[in-house]
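Heads up: the structure comes next, in structure tokens.
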Amino acid sequence: MARLLNRIVTRMVVLAAATTIITMLLGMVAYIAAVHYRLSVTTHHMPPKAREQLELLVRTHQEGSDRYFDLFDRYGAKAPALTDLGFVATIALVSILVGGGVAMVFARRISRPITAVANAAARVSAGDRSVRVERGSTSGETGELIESFNRMAADIDAYERERTVLTAGIAHELRTPLTILKGRLHGLADGVIDPATGEADRLLRQVEHLSHLVEDLRTLAHADAGELDLDRRPVDLAVLLGLAVGDLRGSASERSVTIVESYETAMAHGDPVRLMQVMTNILTNAIKHAPDRSRIDVAVFSASGHAIVSVTDEGDGFAIDDEARMFMPFWRAGSDRLAGRPGSGVGLTLAAKITEAHGGRIMAKNRVDRSGACFSVWLPL
């Protein structure tokens, strides 16, 4: 019932009814006041004897008698006639103006939040993406409109920030290999660098790095557009995670990082190549942040209708403020930049996008028993 009363249509109907009732009441009050005024003017001009007769007729409820009207016709010439068109028009005009004024006040109250949203939308279109509309006590459709607008403005703001980070990240990641390629190719062209010293292999590695980055960007673009091709089939995540651990165990051993495995059979329906990319990326992230001679726990299990892959490290964890940004492309935490950790900044973004394309999600949280972070991939069984 409260929701119905907060609807704009309901409010407009109530407003129209209130305006009509106010206009009618004002007209009736004005008419009754005019009757009393005419009676007062008439009795004021009557001689005492005629006034007594009139008062007697009123007390005995004989207002419709011939004598009553005779007295009014004789002594009420100076009083305004209730049938006069000017008098009736004046009463109608006053009633309409007052009722219309009340209607304008209520209509303004209804339209004010809509006007605020329109003004805020104009500011957003002009480039001010930080503008928001205060909802206050506004409810119903207007309140829903304000909430929708604020969500839209927040999404636009987040998208623009992400686009800025993405553009800067692409420029940064492309600049280094392109600079190396340009300098070494100039050296080869000028004869400063001997091509027989393995220079071709070094140049090829830079080209492969660029190719890998471009492929990651292409995958991100397809995932954002919902056009990521997936060769779906039954996949045992324990087998996939085991393969990813086998591929990365060597890089973990270089820093004496131990990977402890715990697997249960958990079948998901997905693209094994893309899901292998997810496993590799979150494992690479864990190894990158794990201290030397530490431990990484990897596990596969099922719960709540989902197959869950969990990767837990013993690193420093992440700042609470970074939780909402760590899956943004090319975004890197300040601690990573200070420590000089390698990485393009798209690994976790790709993992999140691919997981979402499979109908799942990635969750990140800091450990509560000690320092470190836990990344878990949830996929429908």
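Just so you know, all these numbers are worked out from the coordinates, no wet-lab data involved. Everything numeric in this text was worked out from a predicted model, so none of it was measured. With ideal geometry, Cβ positions are generated from the backbone for all residues, glycine too; neighbour counts draw on all protein chains shown.
Full extension from F106 to M267: what is 0.36 nm times the residue separation minus their Cα-Cα distance, to one decimal in nm?
Details: separation 161, 0.36 × 161 = 57.96 nm, distance 6.07 nm.
Full extension of this stretch gives 51.9 nm more.
Roughly what angle does helix 48-59 make with the longest principal axis of the chain, taking Cα atoms, 0 to 90 degrees, to the nearest 10?
The angle comes out near 50 degrees.
I need I21, I146 ordered by Cβ neighbour count within 10 Å, fewest first.
Numbers: I21 11, I146 22.
In increasing order of surrounding Cβ atoms, one gets I21, I146.
Classify the stretch 193-260 as rounded, prolate or oblate, taking a ≥ b ≥ c as the square roots of the eigenvalues of its Cα gyration tensor: rounded when a/c is under 1.5, otherwise prolate if a/b is larger than b/c and oblate if not. Can you show the working numbers first?
Numbers: a/c = 3.04, a/b = 1.23, b/c = 2.47.
Because a/c hits 1.5 or more and a/b fails to exceed b/c, the stretch 193-260 counts as oblate.
Of all alpha-carbon pairs in the chain, indicate the percentage at a distance above 37 angstrom. Let's see the in-between values first.
Working: 39557 of 72390 pairs.
Taking all Cα-Cα pairs of the chain, the fraction more than 37 Å apart is 55 percent.
Short version: ³J(HN,Hα) in whole Hz for each residue of the stretch 271-287, in order, from phi by Karplus 6.51 cos²θ - 1.76 cosθ + 1.60 (θ = phi - 60°), x for Gly and Pro, what are they?
My calculation for the stretch 271-287 gives 8, x, 5, 5, 5, 5, 5, 4, 4, 4, 5, 6, 5, 4, 5, 5, 5 Hz in order.
Work the Kirkwood hydrodynamic radius out for the stretch 233-380: mean of 1/r over every pair of different alpha-carbon atoms, inverted, in Å. Walk me through the intermediate numbers first.
Numbers: mean 1/r = 0.0653 Å⁻¹.
This gives a value of 15.3 Å.
Would you pull out the residues with amide H under 5 Å of I259's amide H, same chain only if 5 or more places away, H placed 1.01 Å from N?
Those lying under 5 Å, H to H, from I259 are I296.
For the stretch 206-309, which semi-axes, largest first and in whole Å, follow from the square roots of 5 times the eigenvalues of its Cα gyration tensor?
Details: eigenvalues 118, 95, 21 Å².
The equivalent ellipsoid of the stretch 206-309 has semi-axes of 24, 22, 10 Å.
Mind sorting I362, I114, I156 by how few other Cβ atoms lie within 10 Å of their own Cβ, fewest first?
On the way: I362 22, I114 15, I156 12.
With the fewest neighbours first, I362, I114, I156 line up as I156, I114, I362.
In the chain, if the dipole is taken from +1 on Lys/Arg beta carbons and -1 on Asp/Glu beta carbons about the Cα centre, which of V94, I180, A121 is farthest to the positive end?
Highest projection toward the positive end goes to V94.
Let's see if you can work this out: charge +1 on each Lys and Arg Cβ, -1 on each Asp and Glu Cβ, no other charges. What is the dipole magnitude of the chain about its Cα centre, in debye to the nearest 20? Working shown, then result.
Details: 43 positive and 45 negative charges, 333 e Å.
In total the dipole reaches around 1600 debye.
For the ranges 223-232, 371-380, what's the packing order if you count other beta-carbon atoms within 10 Å of each residue, average per peptide, and put the highest first?
On the way: 223-232: 11.9, 371-380: 19.7.
The densest-packed peptide leads the list: 371-380, 223-232.
Show log10 I(q)/I(0) for the stretch 141-224 at q = 0.22 Å⁻¹, two decimals, from a solvent-free Debye sum over equal Cα scatterers.
With one equal scatterer per Cα and no solvent, log10 I(q)/I(0) is -1.02.
Rg and Dmax in Å for the stretch 273-314, alpha carbons only: what are they?
Rg then Dmax for the stretch 273-314, in Å: 11.7, 36.
Just need the relative contact order of the chain here, percent rounded to a whole number, with Cα pairs under 8 Å and 6+ apart. All intermediate terms of the calculation are to be shown ahead of the outcome.
Numbers: 436 pairs, mean separation 45.6, N = 381.
RCO, the chain: 12 percent.
Test of understanding: ordering H209, H186, H222 by Cβ neighbours within 10 Å, fewest first, what list do you get? Don't skip to the answer; put the middle values down first.
On the way: H209 17, H186 11, H222 14.
Arranged by neighbour count, lowest to highest, H209, H186, H222 become H186, H222, H209.
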